[in-house]
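Asker: The structure follows.
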Amino acid sequence: MISCSTADILHLSSFYPKDSKIVKIVEDNNQVNIYLKSQTHVQICPKCGHDSNKYHSTYRRKLQDLPIFGKSVYIYLTGYQYQCENDDCDQSVFYEDLNGFTGHYKRMTRRLEDFLVTLALNTICEGAARIAKLIGIKTSGDTIIRILLERASHVNKMNTDFIGVDD
Ligand SMILES: [Zn+2]
């Protein structure tokens, strides 16, 4: 449980991964920019599933996150590229996903994607995009369709793998 020392303080860092650090926040009338530095030491290769603790390089990524009181939120993540140490894997280098906080090659956080998927499944993609815009999320119906298709493809792959094991 997170408690605040006074009624008007909310610790933003508690909403971000434990293995990251907020280094700067820049806010204007419409947008909050959060500069986040990764502090991971190990990540899982998306291709073979092996742990890797070998840094390859650092990089800067821009990720959209859930809005705060109607203001768009963008994370400027300084993260690591890791090198897969499994000799049998053909994925030499990969971007970290901050242990599920985002995808390896995504431009938004997992929780923002989850929200858009839930909204779209209960409305329609274009309607979801219009509602999202009202609360400060910059997206389009096409982007939401792409997210839904990616997730459906992932579920189909998992089902295929499961059937394959039973066979
Ligand atoms: Zn690998």
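Asker: Select, from Ile145, Ile137, the only residue that is modelled with pLDDT of 95 or more and out of contact with any strand residue (DSSP E or B) (no Cβ under 9 Å at 6 or more places or on another chain).
Answerer: It is Ile145.
Asker: Sort out which residues of region 69-81 are surrounded by 17 or more Cβ atoms within 10 Å (Cβ to Cβ) and at pLDDT 95 or above, and write them in order of number.
Answerer: Within region 69-81, Ser72, Val73, Tyr74, Ile75, Leu77 meet the criteria.
Asker: Looking at region 59-68, which of the residues that are of a type in the set (A, V, I, L, M) and under 14 Å from the mean Cα position of the chain (by Cα) is surrounded by the most Cβ atoms within 10 Å (Cβ to Cβ)?
Answerer: To start, the set of residues in region 59-68 that are of a type in the set (A, V, I, L, M) comprises 63, 66, 68.
Adding the requirement that they be under 14 Å from the mean Cα position of the chain (by Cα) leaves 63, 66.
Numbers: Leu63: 22, Leu66: 17.
Within region 59-68, the match that is surrounded by the most Cβ atoms within 10 Å (Cβ to Cβ) is Leu63.
Asker: While we're on this one: Consider Asn99 against the criteria (1) modelled with pLDDT of 90 or more; (2) on the phi > 0 side of the Ramachandran plot: it satisfies all of them except one. Which criterion is unmet?
Answerer: Unmet condition: (1).
Asker: Only residues in region 140-162 that are farther than 14 Å from Leu121 by Cα and of a type in the set (A, V, I, L, M, F, W, C) count as the first member; pair them with residues that are open to solvent by less than 100 Å² (accessible area, probe 1.4 Å) and at pLDDT 95 or above, Cβ under 9 angstrom, at least 6 apart or cross-chain, and list the lot.
Answerer: Listed pairs, sorted by first residue: none to list.
The values are calculated or read from the model by the stated rules, or taken from the named source; none is laboratory data. Every value quoted in this text rests on a predicted model; they were computed, and no experiment measured them. Using ideal geometry, Cβ is built from the backbone for each residue, glycine included, and neighbour counts are taken over all protein chains shown. Side chains included, ligands, DNA and RNA excluded: accessible areas come from the protein's heavy atoms. Shrake-Rupley method; radii C 1.70, N 1.55, O 1.52, S 1.80 Å.
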